[in-house]
Structures are given as C-alpha cells and as structure tokens.
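All remarks here apply to the structure that follows.
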Amino acid sequence: SNSGNGGGAGGTHSPRRAYNHPPQIPPSPSQYHNAKQVVNLNPKLRTAALIPPSSAASVGSNGGGVPRTPSRECNGGSSSTVASNGSGSNGERPGGRITPTRQQQQVGRDEKKVIEYDDSATYMSHHTNGTNGSNGSVGGWGGNNSGRSFVPSPAGGGGASVSGGASVASAGSGPRFAPSVAGSVGGASSRHGIDVSMQDSVRQKGIAKRKRKEYAKDPRYTPVRRVVDELNKAIGPEKRRSAIERACGEFDHANDLQHNAELYLGAANVLCLVLSMSDQDDEIHNICCALEMVYRAEREAVIISYQDVGAALVPLLLRLLDRYEKGRKVINAEGTISNISRILLHMTRISELRVLLVGHAGMLAALERVATLPLSMENRVLRMRLLANLANSEGNKVTIFERGSLMEATMKVATLDKSESAREYASAVLMDLSSCPTNQVAMAQMDKVLATLVKLAVVEDKVETREYAVSGLQNLAFEKQNRMQLVSYGSGVVVEALKKCTSSDSNDKTRRRSAGAITNLVCDETAEKMANHAGLFVTLARACVSDKNRDVQQRATLALTKLANSITVKMSCWDTLLDALVTAAQCTVSDGIVSAMFRVKTRAEENRASMAKHPRLLETLARLCLRTKDSNVDDEKAVYKDCENATKAIAHLANDPSNHKLICNKHILSALVHGASLAGRAGVVTRDAAILAMERMAMEHSNRPMMARYPGMLVSIAQATEREMNEELNGIPASSVTGQPRLAKPLLMSLLVAM
C-alpha cells in the first residue's frame, strides 16, 4: 500500500503484518450477552472452515501475499507482526444461534448414562470490521513459532513504488502485515431471507454426526472408545482415578488423526464432566493433562469440540487457573497451570475461536497475572504465547489494548522478564496491537510503548523479537498523525534505533522493515528534522549500495529518495543529501529512482548551480549515462531509464548559463556523445536530450572548439542531422516524440565554424 506524504493508516504484515482496515468500533457490553458462538464449517471440507459470502464479521484471516506483520510469517510471523505469508480468511458469524443438543452414550448392557450440556448459555463475541491479514498464530501449538504475513508490504515482501512520497505498507499480524477484507456488522442472512447462521449450524452438526458414526465403526479406534466408555462409567473415586490414568496413557501420542477421533468420540466431553466433579488436586492435574493431549487434534475437530463443550470447559479451566495460581502450595500447581495454559493455547490456534475465547469472563484477567505472579518460566512463556495468539485476531486488538492493566503487564514482561521467549511473544503482542488503525494514535502517544519497542529493537539477542519490535514501529509510523511524535520522541531515539537496525542488524527482514519504517516516517513536516539526524543519510546510502539483500537495498533507496523529495537547497542538509545521492547512484537494483531524483532536483533553477559544482555529481551523471555500454546488466530497461534520467538532468543543468563552462568536461562530453548515438526507439528521448544539452553548451563560444574536437562528437551530431532530415522529408513533425525543435543541423554548423 503506497500513499503520498500524507499517507493514512496502513493495512496490517502479521510478519505478524499497518494494513488498510476500516475503523474498528469497540463492542458494547450488551453485545457480549446477545450473541452465541457459532463457527461455520463447510460440510464438504474436513480440514478447513468455510467463510460464507455473506459473513457478517471476521475473526482472523490470512492475507494473500505480507505479513506482518509478523505471520506468523515472521520468519515465518504475524508476524506481523508479526505477523505474515498464506492466503484466504476465516469467518465467524456473531449473533447466530445454536439449538440445545443432547449427547447420549452407551455405558453398559443394562444402563444408560445421559450427559447433557447446556447449549443455551450466552457467549461473548466481538464484532469486527475487517481481517487482520495475518498468516496465523504466534507459535501455534505444533506450528511455526515465528509465523506472520507482516505486509504486505514489508511483511510479505511486497514492494512499494516511488511516486513523489511513498509509504511502505506496515507489517503486522502477519503477518505482517496483505489486503484487508471489510465485513459488515450485523445479522447474516442469505439473498432469499433464510438465516444462514442457522443453516451453517445444522451443517456443522451434520458433519459432527457423520464423523462420529465413521469413527464409531472404525476398528482402529476401539481402544479410544473403550477408554471413553470407561471414563463415562467410572463413578467411584478409585474407578475414576484408574480410568483417568488409562486415558492419559491412551491419549499421549503425536497422531493428529487419532486425536481427531478422540474428540469426535466424546473424550473432551466426558473429561470435562469428570473435571467438573473432581476436587482432588492430583486427579485434576491428570484430567487437565488428558485434555491437553486430545486437543492436539486438527482444527475442524477442535472447532466442533469447542461448540459441544467450550461453553462449560473454558470457564471451568479459567476458575481452576485462578485457584491454582493463588494456592501456590498445592502439589503439582505449576504442572496443572501448564496443562490448562496448553489447552487454551490449542484452542487459540484456531483463528475463528480467538474472539470467542477473549469473550469469556476471566480470560484477560488470567493473562495479565503473568506480570504479577511468580510463575515458572515455562508458564510465563505459555501465557505470553496465548496472549500473542489472541492479539493476532483483528476482533481482539482494541479490546486488549483498552485494558490498561494488560498493556502494563505486556510491557513489563517485554522489558524485564528473564525469558527470551516471553519477551519475544510480548514483542509480537505489541506489534499486532500496533497494526490496528484504531490503536495507532493512542499507542504512539504512550512513551512506555515507544521506549519498550526501541529497547526490544536495539538490545535483544533473539532475531524474532527485534523484528517484531521494528515492525511495531513501522506500523505506528504508517499513521501520518504519529510521524512527528515518533521523530521527536527522546531527541530522535526512534530514528536512531531504526538507523542502527538498518545498518547493522544481522536479520534481513529486520533491516528491511527498519528501512520501511524510516520511509513511513518521512513527510514534509518531518523531513528536515530527519535529514539533520546524524548519520541517517550516510546509513541509507550505504544500505542502498552494499547491503547483501536486494529487498533491503530497494527499501533503503525508497527511504532515501522519499526523504530527498522534501529537502530543498535552502536547508543546511542539502550538501549531505547530494553526497548520499551520489553514493546511492552506484546501486544496481534501484529501478531508476535515484537517477529520477537527480532529474527532479535539476528541474528547479535554484538547485542547478550548487548541483553542477558539487564534487563527483557530474561524474556520477556521466557514469549513469554510460551504463548502457555494459552488456552484462540484469535489467536492461532500468539501465536505459537511468541513462535517460541522467541525460535529462545534464540538459537541465545546461539550461543555466553559469554552468556552461563547468559542465563542458570530458566526462559529460563522453556521456552526451554516447547518448546522442543510441539506436532504436528506447533511445529516442535520450538522443534528443543529449542534442539539447550540446546545443545549450555550445552557446558558450569558448566551449565550441573543445566540443568540435572531442572524439565522436561531430559524427553523433551528423547522424542526428540525418535523422532530422529524413523525418522532415517524410513529413513527420518535429514535435511528434519529444516536442523538441530540430537542433542538430544548426549545432553541427556552429561546431564546424569553430574548427
């Protein structure tokens, strides 16, 4: 996404990837109690959820492409993030209804035990406009710990073009970053007035019923059915304890398909029932351990299980979590806390469930306790991982950010926690929250947020942590209202951090995103302040030429030229800018934007004298013209564009009479002879510009003898004269291509006279 100097909020690469989203309206408390959780599945697909075309709201998505940011494409993201890259989006329809269901299981030959679940309980759901464009959760259980689609954009590796002042799409949830899809808020209905939510609910129940029948008949899962039946029949404490131990042994494996069977055959349902009746700590520990095992299943099975038992299981787990965190002397307290965190983490892998999970009372309170309780390192990492997954959903970003105590806890972990992984996930949370346009202005006004991101970007050893932090700064810089605040904060500490990351960070994505953040920061209001920042021009110019990564070179070139576009000759940084452009002109992957900046700057009359006198500038323009002689170029079109821009720049300089003697040197004459001799349609504009520059230089009589005697000069002008005569004989008007009058013949005559 590119915009001018007044570019608006960016669409968000969770690398974990800002992306373009409509303004997000925080849900009112009344909405939490008027909607039921419905997750829509396509009955034809067994491993993926369907997004109906009329989906009223979206819970999370994978943007086709970034990244962010961040996704997590973050090194996988978004991350945004951070992050990143996959495609498609997953829909969730708030406000749907689930009819009460009754699940029956055979317990023995003589008796039946009927387990009923109250499906009429209300669920909290968040309405949201748009998707987060991410590539998945942070460290989803069993998945890539760095996945985000960060951006478009930077996050997804998307490029940005130069058009005056361009902004680089920020990285965010997923990753980093990825187009946004706007959804409407309201009830969903089809074109024929039928309640789509009700239809989808019926379809999902059909899927679950069919799967249960398949697994019930499959002899491979006889041991699972036997364990579930035994749990269901175990009434006494000893039998129950024995059944739970047998379940832990049966469910402890890494086979996703078998875990699917366990969920469809009711293992989670009966374990939830047993858990609600247990009061022994060791028994509760083992039940939670078994639940963690069965929820290692694939997404569709987890979704259907959540619909069956989530309303009862999640509140129960949160109450137990609170109980064990307060009763630290309980045996196996840390183990039970770990198992509960892992169960919830398995659920947050599913993007459709994230908003629903945040809606449960006590969820956010449990997350913020990570900074206040003496939890083990493993449990702190799990808790931050859980928060990072929830923050990766667009529907949760405003809710999490507006809970001040949770933001304080996140920043405390990010700056003070001894665990590298906990700090990484805290960094990912900040990146995802910054990818939401609704949060960006408020976050940029919080000094603690900026200080935390700067610290994480500069001093952290872990690559992903630095990347997420830089992506967060990039997201905040995408909002124009934030740019002066970021540039001015701490006497330029944000700019200094980005400069350091661009020049010396070992990770390609971090360097690319930091150069993108600098690009986002540039506008007319901030340009002079940034240009006067010590070493910024030098850093960008060196990155353009010497960085080992092509994307970083292009992003640094974009940042430099956007900054140059706002600098004038009256500013004290003018000479530093010209030095940087001269250095950056050596970049071979700039796609012509550095030479275009020379051309733009020479158009202004007040710039011409200082540019002609600047050391190495004329030689640089000549070298750009002569690059077309090199037969080993990778991009011939870009080389010809450089030649055209440089020749035009020389012609602009020649329009100033005070420059005529100065620019009449062997470098410029060699470039003009070469430009005037180019063949083919690709060289038409360059040939005419070269003849024009020669004609202007020949207005100075003292230049003519040198020009006339320069090798190839008269031949190139004679060839131009012949072309012009042929055009005239064929009736082709002089202005047909460049609008330039026929100058070659009078120029040739004047030089011949001078000889």
Inset, instruction - Output the residues belonging to the stretch 477-490 that are closer than 11 Å to L450 by Cα and either under 12 Å from the mean Cα position of the chain (by Cα) or outside any helix (DSSP H, G or I) (or both). - result: none
Legend entry - Top-ranked residue in the stretch 588-624 [being over 32 Å from the mean Cα position of the chain (by Cα) and under 21 Å from D547 (Cβ atoms); ranked as most open to solvent (accessible area, probe 1.4 Å)]: R623
Legend entry - Residues of the stretch 265-282 classified as under 39 Å from the mean Cα position of the chain (by Cα) and farther than 14 Å from P223 by Cα, total: 3
Inset, instruction - Could you tell me which residue of the stretch 488-512 is nearest to V538 (Cα to Cα), considering only residues that are buried (at least 17 other Cβ atoms within 10 Å of the Cβ) and among the basic types (K, R)? - result: K499
Legend entry - Residues located in the stretch 418-439, provided they are surrounded by fewer than 24 Cβ atoms within 10 Å (Cβ to Cβ) and charged (D, E, K, R): K418, E420
Inset, instruction - Would you point out which residue out of V355, V370 is over 23 Å from the mean Cα position of the chain (by Cα) and in a helix (DSSP H, G or I)? - result: V370
Inset, instruction - Can you confirm whether the stretch 440-462 contains a residue that is touching a strand residue (DSSP E or B) at 6+ places or on another chain (Cβ under 9 Å), open to solvent by less than 50 Å² (accessible area, probe 1.4 Å) and in a helix (DSSP H, G or I)? - result: no
Inset, instruction - Mind listing just one residue for me: the one in the stretch 690-719 that is open to solvent by 20 Å² or more (accessible area, probe 1.4 Å) and not in a helix (DSSP H, G or I) and, of those, nearest to R742 (Cα to Cα)? - result: M699
Inset, instruction - Could you list, in sequence order, all residues of the stretch 548-567 that are open to solvent by 10 Å² or more (accessible area, probe 1.4 Å) and part of a helix (DSSP H, G or I)? - result: R550, D551, Q553, Q554, R555, N565
Inset, instruction - Within the stretch 265-285, count every residue that is touching a Ser or Thr at 6+ places or on another chain (Cβ under 9 Å) and either open to solvent by 10 Å² or more (accessible area, probe 1.4 Å) or within 16 Å of L353 (Cβ to Cβ) (or both). - result: 3
Inset, instruction - Would you mind listing the helices (runs of 4 or more DSSP H) fully within the stretch 628-689 where at least 3 residues are open to solvent by 40 Å² or more (accessible area, probe 1.4 Å)? - result: 636-654
Inset, instruction - Name the residue, out of I207, I284, that is assigned to a helix (DSSP H, G or I) and closer than 19 Å to V302 by Cβ. - result: I207
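So if I check each of G490, G472, which one is touching a Leu at 6+ places or on another chain (Cβ under 9 Å) and on the phi > 0 side of the Ramachandran plot?
G490
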Legend entry - Every residue from the stretch 513-535 that is buried (at least 21 other Cβ atoms within 10 Å of the Cβ) and farther than 20 Å from G472 by Cα: A527, A531
Legend entry - When residues of the stretch 491-521 are limited to those that are β-branched (V, I, T) and within 19 Å of the chain's Cα centre (by Cα), the one farthest from R466 (Cα to Cα): T519
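Limited to the stretch 471-481, what total is found for residues that are closer than 13 Å to N439 by Cβ and surrounded by fewer than 24 Cβ atoms within 10 Å (Cβ to Cβ)?
1
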Inset, instruction - Please list, ordered by first then second residue, the pairs with beta carbon atoms under 7 Å, 6 or more apart or interchain, first in the stretch 348-366 and within 26 Å of K326 (Cα to Cα), second of a type in the set (D, E) and surrounded by fewer than 23 Cβ atoms within 10 Å (Cβ to Cβ). - result: G362/D322; A366/D322
Legend entry - Single condition L743 does not satisfy, out of (1) of a type outside the set (F, W, Y); (2) open to solvent by 70 Å² or more (accessible area, probe 1.4 Å); (3) over 22 Å from F598 (Cβ atoms): (2)
Legend entry - Criterion (in a helix (DSSP H, G or I) and either closer than 26 Å to S242 by Cβ or open to solvent by 10 Å² or more (accessible area, probe 1.4 Å) (or both)) met by exactly one of A297, A311, A301: A311
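The values are calculated or read from the model by the stated rules, or taken from the named source; none is laboratory data. Since the structure is predicted, the reported quantities are computational estimates derived from the model, not experimental observations. Here Cβ is always computed from backbone atoms with ideal geometry, including for glycine, and neighbour counts include all displayed protein chains. Each accessible area value is taken on the protein alone, full model and side chains, heavy atoms only, with ligands, DNA and RNA left out. Shrake-Rupley method; radii C 1.70, N 1.55, O 1.52, S 1.80 Å.
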